[in-house]
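Report on one structure; see the data block that follows.
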Amino acid sequence: MRSRVIATMQLLDGFVVKSRGYGRTTYIGDPINTVKIFNDKGVDELVIVDISARHGAPVVTPSQIEDIATEAFMPVAYGGGVKSYDQVRSVLSAGVEKVIFGSGLLDAQDTVRRAAQQFGVQAVVGAIDVRCEGGIHRPYPGGGGRPLDMTAVEWAKEACELGVGELIVTDMAREGECNGYDLDLIRQVSAEVSVPVVANAGAGSVRHFRAALEAGASAVAAGSMFTFHGPYRAVLITYPTEQELEEALSSI
């Protein structure tokens, strides 16, 4: 059985967007229509991140999450400004299988622990957002603010101690560039934690998927690769065929 290939979908003010380097965003369209296309393409799993919280806007409402989760034929993970236990319960009650904590790993640790205890570690995901500075991978909880005075590996271990059952590891500088994952980062984190590691940010081809999996990732995630087409980055929602994925990944 091949490894999971996850599509990521960002929301801003209720619409699908795609950011680049955790900065400028490109409007993509309606989330329900996007999910329907992913359904047709046979996507393994969907990660939805509401980046509105980064801009100080309200997060997506539970009813909107439920609309998306109901439409999706694949497992869904949701994150974005989740800090309270009531939010966790609301998100999971909306039909989402997993809740993602980013900044919450820093400032809502009791919520992370309680969520893992009440719903199981399989329902709790930690987002490890990283920049490489001076040869050291520094974590930026929530993808903004100042880096923590520790390495990405140390932060990943702390997230696991809180009870997360999976980690999504993102090199922020590579997001949207489609030139490959940060394989050193994936190797370092995968070697030091016991939970599955999802490589995120940088994929531009199925060859990049294979490289990340060989570096130790349990699954791979991509956004721009499934959203843009050609050198001018025209919007075209797509996903590799099962045959393409089997040929590239089945022997790992």
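Taking strands (runs of 3 or more DSSP E) as the structural unit, those lying wholly within the range 22-81 and holding at least 3 residues that are open to solvent by less than 10 Å² (accessible area, probe 1.4 Å) and of a type outside the set (Lys, Arg) correspond to 45-50, 76-79. Just one residue in the set Ser63, Ser90 is farther than 20 Å from Glu166 by Cβ and out of contact with any helix residue (DSSP H, G or I) (no Cβ under 6 Å at 6 or more places or on another chain); that residue is Ser63.
Checking the structure you have, find out if any residue of the range 120-142 is of a type in the set (D, E, K, R) and farther than 30 Å from Tyr232 by Cα. Yes, the range 120-142 contains a residue that is of a type in the set (D, E, K, R) and farther than 30 Å from Tyr232 by Cα. Counting only strands (runs of 3 or more DSSP E) that sit wholly inside the range 138-234, those with at least 1 residues that are open to solvent by 10 Å² or more (accessible area, probe 1.4 Å) are 166-171, 197-200.
Residue pairs whose Cβ atoms lie under 9 Å apart, separated by 6 or more positions or on different chains, with the first residue in the range 186-199 and more than 17 Å from Ala123 (Cα to Cα) and in contact (Cβ under 8 Å) with a residue 40 or more places away in the chain and the second hydroxyl-bearing (Ser, Thr, Tyr) and not in a helix (DSSP H, G or I), are Gln188/Thr151.
Taking the stated definitions as given, is Glu247 crowded, with 19+ Cβ neighbours inside 10 Å, among the acidic types (Asp, Glu) and either over 19 Å from Ile100 (Cβ atoms) or within 16 Å of the chain's Cα centre (by Cα) (or both)? No.
Quick one: is Cys132 touching a residue at least 40 places away in the same chain (Cβ under 8 Å), touching a His at 6+ places or on another chain (Cβ under 9 Å) and either assigned to a helix (DSSP H, G or I) or crowded, with 16+ Cβ neighbours inside 10 Å (or both)? Taking the combined requirement at face value, the residue does not satisfy it. Looking only at the range 80-90, residues that are at pLDDT 95 or above and in contact with a strand residue (DSSP E or B) (Cβ under 9 Å, 6 or more places away or on another chain) come to 1 in all. The single condition from (1) of a type in the set (Ser, Thr, Tyr); (2) surrounded by fewer than 22 Cβ atoms within 10 Å (Cβ to Cβ); (3) over 29 Å from Ala234 (Cα atoms); (4) within 19 Å of the chain's Cα centre (by Cα) that Ser103 fails is (2).
The values are calculated or read from the model by the stated rules, or taken from the named source; none is laboratory data. Note that the structure is predicted; figures quoted are calculated from it, not measured. Every residue, glycine as well, gets a Cβ built from its backbone with ideal geometry; the counts of neighbours run over all protein chains shown. These accessible areas exclude ligands, DNA and RNA; they are computed on the full protein's heavy atoms, side chains included. Shrake-Rupley method; radii C 1.70, N 1.55, O 1.52, S 1.80 Å.
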